[in-house]
Structures are given as C-alpha cells and as structure tokens.
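The numbers here are math on the coordinates, done by the rules we state, and not lab data. Since we're looking at a predicted model, the values are computed, not measured. Cβ atoms come from the backbone with ideal geometry, glycine included; neighbour counts cover every protein chain shown.
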Amino acid sequence: MENPIQLHVPVFVSYAALESVLQQQLVGTYIPKPEEGVAEQPYAQVLDVGLAGSSAGPYNLLLRVQLKILRTVLRRDKVDLYASVALAYDNATQQLYVQHFSMEAATSSGFYNTALEVLVNKVAYNQIIKKTRVDLKTIIAAELAKVNSQLAEGMELKGLKLKGAVAAVGVQDILPKPDGLSLRLQVQGELEVAVFDLAELMPPKEA
C-alpha cells in the first residue's frame, strides 16, 4: 500500500443538529459573563438561538440570537439579533466556526437598534460569536468509519478496486442548503489499486 489516493466524501449536517449544539452552548448565557465579587448587572441574557441558510453576498448562514435586555436604559423582554455569518472549518480541531459576520438588531426603533448593535459588537462578541464553534469530530469519525469499512472489503470504482485505509482527512468546501450544510471531505488513504477493466480507464475514442 504505497500510493496515496484522494477521495471526495460528501457529508450533510442539518441546521436542527447545529441549533441543538448552539443552544446547549449559549442559552442562559449572561452578557457580559458575571465575575465573582463584581456587583454590576449584566446587559443581557441569551434566550434562544436559531439557524438558517443564507446567500447574502459573502455570507452563508443566518444566525438568530434572542436576548432578554436587563439594563434599565435598554430594558426589553425579548430582542432578536440577526448575524449574517461566513463559516470556515478548522481541520486541526475539526470544528466549524464563524470567520466573518455582520450583525443587526430587529426592533421598530432605529435608535434602539443602533444602541443594541454597538453593545453587541463591543461587549458580546467574545460570548456569542466566538462560542458558535461546532465540533464535527463525531460526525466525521462516523463517515470515515463507513469509508474504511468499504475500503477493507474493497471499494469498486470505474475500472478499479481499492483496498486500504484512510490516512488523513480535510474539509474542502462548505455549501449551505435549505435545510442544512453540505461539507465536502477530501480523504487521503494508503491504498492498493487493482485494475480489473482497462477499457473503462481508457479515454473515449474520437469520432
């Protein structure tokens, strides 16, 4: 098994699955996080998080964060913030994360929206955007187990049969779909190649 061969494996992650992870990480969080021995009241608390696909320019995901505003000047029971985000993938940690974002508040008051956006961009960035990292190790491990199982038995391609095991994996593309994200994994393996149909590998004859 001397020849490294690259395979492309599609992986789909639903927005419902991503939402569930983000809700566990964010719902109930105070902004800013209370510090021991500091009596200052937080500005807001995260009530809910939602996700949807987006095709707004360079952004590929719409993140909705519902806040309860706790300070007297800006106090409101519920306020929705919408962040258009561009996702990236860290192959070293196998995590999806927000690379770029643009955040807007959605209330009937332009002044309130501006004040809230300033608050969020200055105070809440580290506690909201930086926490929207989703670990995909389990999902990717399951897909690699499938590939390795096929390779152990022998994976038949056009004119070839491959046997071996995966040596490395990386995410090449992230594409938003209506109900989830499509990831394209590039898998590199140390494989044995058996050619059983040379005709399939030959270029088509010219007319």
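Points worth noting:
- Each Lys or Arg adds one and each Asp or Glu subtracts one; over the other residues with Cβ under 11 Å from the Cβ of residue 53, this totals 0.
- From least to most packed, judged by other beta carbons within 10 angstrom and beginning with the fewest, 149, 84, 14 follow the order 149, 14, 84.
- Site pair residue 150 and residue 9 shows an inter-label distance of 0.9 nm when each label is modelled 7 Å from Cα along Cα→Cβ.
- Checked against a 25 Å cut-off, the cross-linked pairs 78/130; 137/161; 33/137; 33/177; 131/177; 68/137 give Cα-Cα distances beyond that limit for 137/161; 33/137; 33/177; 68/137.
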